[in-house]
Every structure is written in C-alpha cells, then in structure tokens.
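Remarks on the structure that follows.
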Protein chains: 2
Amino acid sequence: MPPTLEEVAKLAGVSRSTVSRVVNQHPHVRPEVRERVWEVIRQTGYQPHAAARSLATRYTRVIGLIIPQAVTTLFTDPYFPVLMRGVADACNAHNYHLMLSLFSHRRVRDSYAGQDLLYRQLLRGRYLDGVVVSSAPLDDPIFPRLLEDNVPFVIVGRYPHERANYVDVDNVVGARMAVEHLLRLGHERIATITGPLNMFAAQDRLEGYRQALAARGIPLDERLIAEGDFAEQGGRTAMQRLLPHQPTAVFAASDMMAVGALKALREAGLRVPEDVAVVGFDDVPLASMVDPPLTTVRQPIEQLGSMAVELLISLLENPNTGGVHRVVLPTELVIRASCGVRVQ
Amino acid sequence: MPPTLEEVAKLAGVSRSTVSRVVNQHPHVRPEVRERVWEVIRQTGYQPHAAARSLATRYTRVIGLIIPQAVTTLFTDPYFPVLMRGVADACNAHNYHLMLSLFSHRRVRDSYAGQDLLYRQLLRGRYLDGVVVSSAPLDDPIFPRLLEDNVPFVIVGRYPHERANYVDVDNVVGARMAVEHLLRLGHERIATITGPLNMFAAQDRLEGYRQALAARGIPLDERLIAEGDFAEQGGRTAMQRLLPHQPTAVFAASDMMAVGALKALREAGLRVPEDVAVVGFDDVPLASMVDPPLTTVRQPIEQLGSMAVELLISLLENPNTGGVHRVVLPTELVIRASCGVRVQ
DNA sequence: CGGATTTTTGGGAGCGCTCCCAGTTAATTG
DNA sequence: CAATTAACTGGGAGCGCTCCCAAAAATCCG
C-alpha cells in the first residue's frame, strides 16, 4: 500500500496542505520545511494518486490518440507508427500520458455502435483532457461527439467545422507538384489512384491532380481516375481498372497504393518507368526499397504528430487563447527512378 | 457540465445508491425503478466519472502497453503496429482502455532516468491496473519497477523471474526450423545475423541456430555470427561483416535484417538465392514484397498481443488464481524464393 | 518596541463514486 | 393474519487530493 499525502505529512511533521504545496511547487513554504518534506517523499517513494488528483482538479494529464480507421490500411501502412512516434515523443516531453484508441471493426463490439459507446465512455467519463484524431473519415461519429461534449481536440488532417483545430500537410500542393513533374516529363495521359474519397486527404490530393492538369489545359478524363483505399491491395485493383485506358503515368495518393500499382503493372507485363511512370505520396521507408524506387511526395509525418500534441497542450493550458488554430505544413517532391527521366 | 450520480438520482426520484446499483447491474432493484433510472440516464447522457470511480474502487480499467525499445528498430518494423492491433482489439473486446508508453530516447527527457520517472508516475500513480510489456531488453528498468511495485504484468517475450507471466513464441524451435531447412538444402556454411543480444528473443533465435548446427554435427564458427539490431540498417552492416567469410546461406533473426542483408548482398554483386540463400524471421508483410520474396519464420504477432491482454485481464479479475502463467505459441516456416531449392 | 503587514501553516469542505449498514417495504408461511 | 424472512432503498463514511479561508508566526517600520 503506497503512502498517501497524509502519511507523508505525518512523517514530515507538517500538515497535508504543506506537503501538497511542496509537491505542486507552490511558493510560501519555508525552504527548510520544503527540504524536509522532499526527503520524506524520496524515502517513501510517494507519488500522488492520479485519480484522487484528477477528481479534485478536473484534469487528468492524459490525452487521447484516436484512430478510427477501418483496419486494413492502418497496419500495413508505415504511416501510423511514425505518427505515433511523433505523438508519443511530444507527450513524453510535456509529461502527459497517452491513451490510444484503435478500432478495427473486426469484432462485433467494434461496430459503429460499439465505437460510439467507447467514445462516450472515454470523453464523458473524463478519462482525457483532450484528443488528437487522425485518419478519421469525414463522417466518423467522433467529430459530433467531440463537438457536442466540448472536448478540446486537434485533428491530424482537416475537418470542415469552425471549431476544428488541425495540423495538416498541404495535400493539394503536394499532389500538384507530383503531377506537374509528370507533365514536365512529357506525360499527357496521367491517371490517378485516389484514396477513399470520404477522407479529406484523398479529396485534396485529387484536387491537386485536377489543378495540375487544368493549369496545363488538359481536360479531365474521368476514366483515368480510380478510387482506392490507401492500401496496397486497393492500389493494385485500381491500377487494373485503369489499364484498359492506357495511361502513360499514374499518380497514386499513397505509397502503399503505388506499390500495389507497381505489382499490377508488372503482372500486366508493363515496365516501370519505361511504359508507365509511377509517383506515390507519403515517402514511407518502403518507398525507397521497392523496385524501382518510388518517386513520391514526402510529408513530415512525425512532425505532424508532435505538432498536433503540442497544439493540443497549448490549447489545454491556455484555454482562453481565442480562435481556432490551424497549421499547414509543406511537402516535398522526392524524385527517384519510378517516374523515369524522359526528354521532352 | 455533465450530470453526476446525485443529479440523476434526483431526476429519477431515488437515491444516489439506487442509481449506482442500476449502473453497476446490482440485483435488488425493482424492475420498474430500474427502468425509470435507465430512462433518466439515457436522457441526460450520464456517464460515471472515471476518476471518482477509480478513487473509490481502486480500479481504473486501463491497462498499459509499454514499449521501451530504443527507437530505430521500432518504427520501421511492421512488427509493432500488428502487435498493437492485437492489443487494442483485445482491450476493446473487454472494455478496457489502453495507455501507450513509447520511449525514443531522442530527447533529454527520454533518458534512462526520465524513463524511470515516467514508470514511477504511471505505476505508483495508479493510472493503470496492469501492464503489457513488449520488446524490453533484459536490463530494462521497467522490470524491477513492476516487481517492486507489485503491478500485475504480462510480457510479450520472456523474462527470467519467477513472478514473470509471459506470452512468447517458440523462438528456439522457429530458428531451428529455419536453419534445418537450409541444411536440408545442402548448405553447410550457414551464417546468422542475430538481434541485439540483450534481448531474449535474439538469444533464443541464436540458440535455435546453434541447435540445428549441432544436431547435424557442424561445429560452430564464431566468424559466421554477427550481431545486428533487428533493423534493416543493422542487418546490412552485419551482412557486410559476414561476407569475407563466404557463407552460402544466412539466417537473419528478423525480416528487416534479412532485407538489409539482401541489400548488402546485391551491393556485393551476389545473387540471392543462387550465390547466397537468405532466411528471415517474423513474416511481416514486407517479406513477401521484396525481391526475391523472403523465406521466413512466421509468428502469430497479433495473437501474441491479444493473448497477452487476455491473460493480463484474467489475472486482474481473478487475482487469487495462483501460479505463474506462461504461454508459448508455435511458429511456422514459410518457404519463398530467397532460399532457393537446391538439389542435394 | 508595538501595531500593521506579509509569509507560512493547518484544517474543513468537497470533487463523484462505491460500499456497508440500517431501516422499509413486500412476500411467505404455519 | 401475525410473525418471519427476503427484497429493496437511503444515507453516512471514506477513497486521496486540492483549494480556500482563517489562524499563527515571522518581518517590517516609524
């Protein structure tokens, strides 16, 4: 049974309140007393009881990371581990703890309803001070829940609501750069494999693709647009659907889908980049390991995670700082072999 | 301000205690009253305050997942996401929440000392009911801490202590199968790239390698053993160190290291499997995507995660069930192209 | 050096919940 | 139908902490 404040107080010959002051670094404690109390704390290994503390203060020093995405994508995609690292790092640095909620929809309980139940528990039950949400589809029930319960939150990505704080990457510009690069290489029949279009990132990357073509005066050919799911398998089947329309280049909205596309192309007996050029998005480690190495759009994933946390914490600690906070980070085109170098 | 028990009680015209009984499914509440209370709960969206509850019950319904590994490996290795999925799934299924602690050692605070401080906070501060630990080196400070503070825990892996519960994979047998396969293919100069030897899994896989050779009467050649770090880069440099001793086959203790080895071999102008056969361990998704696809030892990673959680929960809920709980799951050899098929 | 400050200190109240113990009310039984 | 017994219900105490307020001690100043 670990010691309580009261016990420490008795041992140090002071009152509960004084020990509390010492622990919480309040001023107005004689240095001599303060030292005596610290000594007892050290010896007893005293540690404040989190529940008691948060019952009294209404703060938990815990933030949640919610990743509601249906699973397939999630865990073959190296995106998430990296994001998590950014998030975890920032939490450690600020002495917050991290609660992770993943939903895989594979068990009955993980249904839409079960998920909503868990959200309620987590948010209304005051397990958390605030939340970082990543990769949620636009219609995910987490958003209304957060808004309704007035829980401070930051999205990694974007959400169309006046009270939504977010940290995002400039997906439109990133995608445009990628497609412009293909245009520069002389391609005109450029296809795209999009992410699931109920996600903003997917929509934005498609928009970038559109803009690049429009700027070049190339009319949009709907047959050159195939929707994928950000995962490899989806990229592969999307590519198969695109093949009959003979694109000479493909912009995939994620590296995993680009890898899938690579596979589909190889199966169809086409060479990359000679017959078809491929560009991805994300620059996950795998991108440089496949054959041929992928040209891709790098996004600062880890930084996204830590910035989200830092923004959230600043929201928590200065609640009055008015206004909505939005950060958009730039992307960078990384050129490798998969798009070839065609002379115009 | 969300409603409290007391408020719900007033609205339903009963006492605090009765509402508590309803919420906690205690018997001895008239069905009619029970229904009335539920109705109020539904209308108000009442949700018990977690901190208040755990202050009173001394339970939090939160379990921790602690991954103390120095980072490089961690997040390029698809092992962790999969493990996490297993862990998260099991938590969801049993209505527990998951607290994640990762340490990357990249900031000052993430030093050994900072880490220990966080452990104390987490464990002594009663944030958690119990803990799952994965990929901790044998000398990690988490173990003494857990033992000393008497926190229920389950290791994914293994730890030499009488009170250590764990869920592990049969690394020795898995490694032996891999090496035996190479032996069967006629190899005699078989090298191995081990994991960091302060981890049990690495030691066990090395032991399996030893056993396979010994059973065949092949003397151990220390020059054919190189220590890696489970990550790609480490596998690559380890392979470079092995090359001068001209192995005809290599058993890498992780797929990521096998991929690194592949790279080193290619750089050295050697063909796989014609010149050197390669076998990995883990069967991560990447294993089947590289060229040539890796022969490897599959371990049920996700199952490992969910079993660890389930074991932990059963420990928490039936504390008197004596004895230590240990589960060892089997592995499976997956044969692909990287080891070739040599006729003896 | 005595009153006015200012700094320290202690203790009560309360955060929202569970659990135990009586007190009520309803059901059973001979 | 009175006497038991069982099924419900309410309220106090307490989980360990913070915060406020007032009392006590130390410091100041003319």
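No value in this document is a laboratory result; all are computed from the given coordinates. Every value quoted in this text rests on a predicted model; they were computed, and no experiment measured them. FYI the Cβ positions are ideal-geometry reconstructions off the backbone, even for glycines, and counts take in every protein chain you see.
See the values below:
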| item | result |
| --- | --- |
| Whole-number percent relative contact order across region B:5-48, with pairs defined as alpha carbons under 8 Å at least 6 apart | 42 percent |
| Share of Cα-Cα pairs in region A:105-200 lying beyond 18 Å, as whole percent | 58 percent |
| FRET efficiency, residue A:246 to residue A:215 (Cβ-Cβ, R0 25 Å, nearest 0.05) | 0.60 |
| Leading residue at positive end of dipole, the protein assembly as shown (Cβ point charges), from B:17, A:284, A:252 | B:17 |
| Other copies of residue A:217: label-to-label distances in nm, shortest first, labels 7 Å along the beta-carbon direction | 8.2 |
| Two-site label geometry, residue B:138 and residue A:189: point separation in nm, points 7 Å out along Cα→Cβ | 6.2 nm |
| Cα radius of gyration and Dmax for chain B (Å) | 25.3, 85 |
| Exam field: residue B:197 pseudo-label spacings to other copies (7 Å along Cα-Cβ), nanometres | 5.8 |
| Cα-based helix-to-principal-axis angle, B:79-94 vs chain B, degrees rounded to 10 | 30 degrees |
| Under 5 Å, built H, 5+ apart or other chain: amide partners of residue B:328 | B:168 |
| For chain B, calculated [θ]222 nm from helices alone, where every DSSP H run of n ≥ 4 adds -39500 (n - 2.57) | -13500 deg cm²/dmol |
| Ellipsoid semi-axes in whole angstrom, largest first, where each is sqrt(5λ) of the Cα gyration tensor of region A:5-48 | 14, 10, 10 |
| Crossing angle, helix B:255-267 versus chain B [Cα axis fit, 0-90 degrees, rounded to tens] | 30 degrees |
| Cα-based shape type of the protein assembly as shown, given that a ≥ b ≥ c are square roots of the gyration tensor eigenvalues and the cut on a/c is 1.5 | oblate |
| Neighbour-count ranking [beta-carbon atoms within 10 angstrom, fewest first] of A:256, B:257, A:289, A:1 | A:1, A:289, A:256, B:257 |
| Spin-label pair residue B:291/residue B:318, simplified geometry with 7 Å Cα→Cβ offset, distance in nm | 5.4 nm |
| Model label zone, residue A:227; criterion: amide N under 20 Å from point 7 Å along Cα-to-beta-carbon; scope region A:233-252 | A:233-245, A:251-252 |
| Euclidean distance between Cα centres, region A:15-52 to region B:173-237, Å | 53 Å |
